[in-house]
């Protein structure tokens, strides 16, 4: 039997306060570039785009989203 182990990918999400938009700041998935008005929308769209970018590797894979919060001092 040939079992492929599920891959795990990380996505770091940034927020541009000036434009009020969330964006993929960095990712383990080459070519993943998404910008949206809400974090939830970004996650939804990024999952779809990641699935297309990964092709057969997407099956059973996990994507972890990390949102950094930057506060003025």
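Any read-out appearing in this document is the output of simple, stated calculations on the displayed coordinates, not a laboratory observation. Given the structure is predicted, the values throughout are model-derived calculations rather than measurements. Because the Cβ atoms are built from the backbone with ideal geometry, glycine has one as well, and the counts that use them run over all protein chains shown.
Out of all DSSP beta bridges with both ends in the chain, state the antiparallel percent to the nearest 5.
Values: 8 of 14 bridges.
Approximately 55 percent, going by the DSSP bridge assignments.
Quote the relative contact order of the chain in percent (integer), defining contacts as alpha-carbon pairs under 8 Å separated by 6+ residues.
Numbers: 104 pairs, mean separation 27.3, N = 73.
Worked out over the chain, it gives 37 percent.
Between helix 39-54 and the chain, what is the angle of the helix's C-alpha long axis to the longest principal axis, kept within 0 to 90° and rounded to the nearest 10?
It is inclined by approximately 30 degrees.
Would you please give the FRET efficiency between residue 7 and residue 35, computed as 1/(1 + (r/R0)^6) with r the Cβ-Cβ distance and R0 = 22 Å, to the nearest 0.05?
Details: r = 24 Å, r/R0 = 1.11.
Using R0 = 22 Å, I get an efficiency of 0.35.
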